[in-house]
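Report on the structure given below.
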Amino acid sequence: MKTIMIVDDANTVRTYHRMIVASAQRQVEEAENGVEALEKAMGKQIDLFMVDVNMPKMDGYRLCQEIRRDDALNQVPIIMISTESQAGDATKAFDCGANFYMTKPVDGTTLNDMVSLMLGEE
Amino acid sequence: MGLRKSRGESAAQADRRQSSRDLTSLIDDLQNEAADVRRWAARDLSNNLEARRALLDRIDVEHEPMVLEALFSAIEDMCDEEVAGEVLIKLKSEDAQVRNGAIELLQNKPVLFASHVNELLNDEDSDVRIFAVDVIGAIRHPDAALWLHDVVLNDKNINVVGTAIDKLSEIGNSETLDVLEKVSARFSNEAYIQFAIQCVRHAVAGDEI
């Protein structure tokens, strides 16, 4: 069983993304911001982070940086999902340690394919 | 169990004692290389109208979260129209901490926010419109649902509309379901909007998704 952590301050977005990626082989954890995500990830096996950019307390860019600094989490892949669509946003996400960048609203098939790839599923 | 003062806090208090607390010294301290000194300066400049400009300017270059928090807190109680105008500009900051500080300040000033809501909801930057919707969702203003209805019926950006629908699941009123019927027709091919509308319908009915 793989564990995906969805980090977004909007409940509807978390529920939508959970609906897309949850399966018999994947369980989903949710967090409303970066601080909560790091707290919930402590001591747990997380296999993939799906991270929003604009969130209260700790935004997605900073969360990416914190994950990459954490000995236990720094190899976990990160998909950053943002409402922002300006040219520099994807670059900033990659600079902060994201492996992939998508803009909202996500296409369900594309997200699912990317999650499969990141989780190394057959 | 008693609380122990951290070494950093003790050092900051020592710095604070050593530094003069007159206006000029405190404004100088906002540029100090020690974050604790900058934070104490911001705290001690709270509500000091003569320090307003220095506090607002420091927000633009400050990167330490605890200092930013102190800076926003310091200007909150002297947030008149002039300061509000500057805070609105900070919603466009590249620094998410600054944007969040501005959002939180506006959430604490619903009357002031209300006087700028149309300007924010018509901003050309869709992210600013999303931040405005976030603030509307957090304040308990009597016109909040009305503003959100206007957004979902008229804004062309799907993420702005999606955020507004998310907020309507919490603060919608008796008219919301009728409004969302029209929104559903506007975005009939958008899976996320259809899903978000379903969430509101379930929330109104008291169901779980």
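Tally up the residues in the stretch B:117-146 that are crowded, with 23+ Cβ neighbours inside 10 Å, away from every other protein chain (no Cβ under 13 Å) and under 27 Å from B:N189 (Cβ atoms), please.
1
Any idea which residue in the stretch A:81-95 is most open to solvent (accessible area, probe 1.4 Å), counting only those that are over 21 Å from B:V133 (Cβ atoms) and touching a residue at least 12 places away in the same chain (Cβ under 8 Å)?
Start the filter on the stretch A:81-95 by keeping residues that are over 21 Å from B:V133 (Cβ atoms), which leaves A:87-88, A:90-95.
If we keep only those that are touching a residue at least 12 places away in the same chain (Cβ under 8 Å) as well, we get A:92-93.
Numbers: A:K92: 67, A:A93: 0 Å².
Residue satisfying both the conditions and the ranking: A:K92.
Given the criterion within 19 Å of A:K104 (Cβ to Cβ), of a type in the set (A, V, I, L, M) and touching a Lys or Arg at 6+ places or on another chain (Cβ under 9 Å), identify the matching residue among B:V98, B:V133. Give the steps one after another, and end with the answer.
Details: B:V98 fails: within 19 Å of A:K104 (Cβ to Cβ).
Being within 19 Å of A:K104 (Cβ to Cβ), of a type in the set (A, V, I, L, M) and touching a Lys or Arg at 6+ places or on another chain (Cβ under 9 Å) holds for just one of B:V98, B:V133, which is B:V133.
All but one of (1) assigned by TED's automatic domain parsing to the domain that holds B:K182; (2) in contact with a helix residue (DSSP H, G or I) (Cβ under 7 Å, 6 or more places away or on another chain) hold for B:N154; state the number of the condition that does not hold.
It is condition (2) that B:N154 fails.
I'd like the full set of residues that are without any contact (Cβ under 8 Å) to a residue 24 or more places away in the chain, over 21 Å from B:V128 (Cβ atoms) and buried (at least 17 other Cβ atoms within 10 Å of the Cβ), limited to the stretch B:45-98.
If the condition is that a residue be without any contact (Cβ under 8 Å) to a residue 24 or more places away in the chain, over 21 Å from B:V128 (Cβ atoms) and buried (at least 17 other Cβ atoms within 10 Å of the Cβ), then no residue fits.
Restricting the search to the stretch B:156-181, which residues are surrounded by 17 or more Cβ atoms within 10 Å (Cβ to Cβ) and over 16 Å from A:A10 (Cβ atoms)?
Passing the criteria: B:T176, B:V179, B:L180.
Which residues, taken from the stretch A:37-49, are among the acidic types (D, E) and open to solvent by 50 Å² or more (accessible area, probe 1.4 Å)?
A:E39
Checking A:T12 against (1) open to solvent by less than 80 Å² (accessible area, probe 1.4 Å); (2) within 14 Å of the chain's Cα centre (by Cα); (3) within 14 Å of chain B (Cβ to nearest Cβ): exactly one of these is not met. Which one?
(2)
From the list B:D77, B:D95, B:D36, B:D22, which one is within 26 Å of A:R62 (Cβ to Cβ) and at pLDDT below 90? Explain how you work it out, then say what you get.
Details: B:D77 fails: within 26 Å of A:R62 (Cβ to Cβ); B:D36 fails: at pLDDT below 90; B:D22 fails: within 26 Å of A:R62 (Cβ to Cβ).
Result: B:D95 is the single residue among B:D77, B:D95, B:D36, B:D22 that is within 26 Å of A:R62 (Cβ to Cβ) and at pLDDT below 90.
Which residues, taken from the stretch A:22-60, are within 14 Å of chain B (Cβ to nearest Cβ) and touching a strand residue (DSSP E or B) at 6+ places or on another chain (Cβ under 8 Å)?
A:A22, A:V28, A:E30, A:E32, A:N33, A:G34, A:V51, A:D52, A:V53, A:N54, A:M55, A:G60
Starting from residues that are within 12 Å of chain A (Cβ to nearest Cβ) and not in a helix (DSSP H, G or I), keep the ones in the stretch B:81-116 and report whichever is nearest to B:P65 (Cα to Cα).
So the first thing to find is which residues in the stretch B:81-116 are within 12 Å of chain A (Cβ to nearest Cβ), and the list is B:91-104, B:107.
Imposing the further condition that a residue be not in a helix (DSSP H, G or I) reduces the set to B:91-95.
Details: B:L91: 16, B:K92: 17, B:S93: 14, B:E94: 14, B:D95: 11 Å.
In this case the residue turns out to be B:D95.
Pick out the one residue from B:S115, B:S184, B:S126 that is modelled with pLDDT of 95 or more and either hydroxyl-bearing (S, T, Y) or within 24 Å of the chain's Cα centre (by Cα) (or both). If you could, list the steps in order and put the result at the bottom.
On the way: B:S115 fails: modelled with pLDDT of 95 or more; B:S126 fails: modelled with pLDDT of 95 or more.
On inspection, the qualifying residue turns out to be B:S184.
Which residue, of A:Y101, A:Y61, is surrounded by fewer than 22 Cβ atoms within 10 Å (Cβ to Cβ) and either more than 23 Å from A:T15 (Cα to Cα) or under 13 Å from the mean Cα position of the chain (by Cα) (or both)? Please lay out each step first, then the result.
Working: A:Y61 fails: surrounded by fewer than 22 Cβ atoms within 10 Å (Cβ to Cβ).
The unique qualifying residue is A:Y101.
Report yes if A:M19 is over 12 Å from the mean Cα position of the chain (by Cα), surrounded by fewer than 22 Cβ atoms within 10 Å (Cβ to Cβ) and within 12 Å of chain B (Cβ to nearest Cβ), otherwise no. Lay out the reasoning, then the answer.
Details: over 12 Å from the mean Cα position of the chain (by Cα): yes; surrounded by fewer than 22 Cβ atoms within 10 Å (Cβ to Cβ): yes; within 12 Å of chain B (Cβ to nearest Cβ): yes.
Yes.
Anything in the stretch B:162-181 that is within 12 Å of another protein chain (Cβ to nearest Cβ) and either more than 25 Å from the chain's Cα centre (by Cα) or of a type outside the set (K, R) (or both)? List them, or say none.
Within the stretch B:162-181, B:G162, B:T163, B:A164, B:I165, B:D166, B:L168, B:S169, B:E170 qualify.
Every residue in the stretch B:182-209 that is surrounded by fewer than 13 Cβ atoms within 10 Å (Cβ to Cβ) and either more than 11 Å from chain A (Cβ to nearest Cβ) or in a helix (DSSP H, G or I) (or both), please.
Let us first name the residues in the stretch B:182-209 that are surrounded by fewer than 13 Cβ atoms within 10 Å (Cβ to Cβ), namely B:182, B:185, B:188-189, B:205-208.
Result: B:K182, B:A185, B:S188, B:N189, B:A205, B:G206, B:D207.
The values are calculated or read from the model by the stated rules, or taken from the named source; none is laboratory data. Predicted, not measured: the structure shown is a model, and the values here were computed from it. A quick note on method: Cβ atoms are made from the backbone with ideal geometry, for glycine too, and the neighbour counts reach across all protein chains shown. Surface areas here come from the heavy atoms of the whole protein model, side chains and all, with no ligands, DNA or RNA. Shrake-Rupley method; radii C 1.70, N 1.55, O 1.52, S 1.80 Å.
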